[in-house]
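Working notes, beginning with the structure itself.
FYI, it's all coordinate maths here, none of it is from the lab. On a predicted model such as this, the values are computed, not experimentally measured, just so you know. As a convention, Cβ positions derive from the backbone with ideal geometry for all residues, glycine included, and neighbour counts pool all protein chains shown.
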Amino acid sequence: MSDASRNPANERPQRDAFGYLCPVDSRWADNDVYGHINNVMYYSYFDSTINRYLIDQGGLDIHNGSVIAYVVSSGCDYFEAAAYPDALTIGMRVDKLGNSSVRYGLALFSENESGESGTAKALGFVVHVFVDRDSGRPVSIPAPLREALAAIQSPEK
């Protein structure tokens with residue numbers, strides 16, 4: 001079992017396994033020559049979802065804040081292809097919240113004709129380490145960000 005899919009019996013999660021859901025528009029340019037969304041785009045969707053949440057819910061100041069976050073690890077398992085013009089949703093949760101780091105669980109869902117999505121088409125993870133912008137050294141996650149992250153933390157496994 002890969003690191004990205006550490007869940008019971010390697011099951012594809014449902015939307016309700018994630019505390020934050022973010023709609024994402026697929027674009028024509030996201031498709032590759034095989035006619036589906038290229039794998040590198042999933043990481044872009046994940047990154048945008050994480051940062052949207054941190055800015056909106058945790059008050060992260062990406063331009064002037066003294067604390068920023070670096071991606072130090074990531075991975076993704078792909079179960080089923082998505083393709084433009086699919087309406088996509090990224091599910092996000094916190095799988096592990098440390099002093100200066102956080103591991104996010106992320107999944108990509110695609111809406112079907114009835115407007116509902118079933119299981120995840122992809123399951124990934126991203127690890128952020130929060131650092132001082134000037135020194136690049138790890139720092140404790142600031143309280144507003146920690147509170148926002150704790151709000152979507154998954155139950156202990």
Interchain or sequence-distant (5+) residues whose placed amide H lies within less than 5 Å of the amide H of G75 are F125
What is the ratio of the Cα radius of gyration of the range 8-150 to 2.2 N^0.38 Å, where N is its residue count, to two decimals? 1.09
With loop defined by DSSP as not H, G, I, E or B, and exposure as at most 11 other Cβ atoms within 10 Å, which is the longest segment of the chain clear of exposed GluC sites (Glu not before Pro)? 1-112
So what is the calculated 222 nm ellipticity per residue for the chain, using -39500 (n - 2.57) for each DSSP H run with n of 4 or more, over all residues, to the nearest 500 deg cm²/dmol? -6000 deg cm²/dmol
Scalar couplings 3J(HN,Hα) for the range 69-75 by Karplus 6.51 cos²θ - 1.76 cosθ + 1.60 (θ = phi - 60°), nearest whole Hz, x for Gly and Pro, are 10, 10, 6, 10, 7, 7, x
For the range 24-64, which semi-axes, largest first and in whole Å, follow from the square roots of 5 times the eigenvalues of its Cα gyration tensor? 28, 8, 8
Compute the relative contact order of the chain as a whole-number percentage, counting only Cα pairs closer than 8 Å that sit 6 or more residues apart in sequence. 31 percent
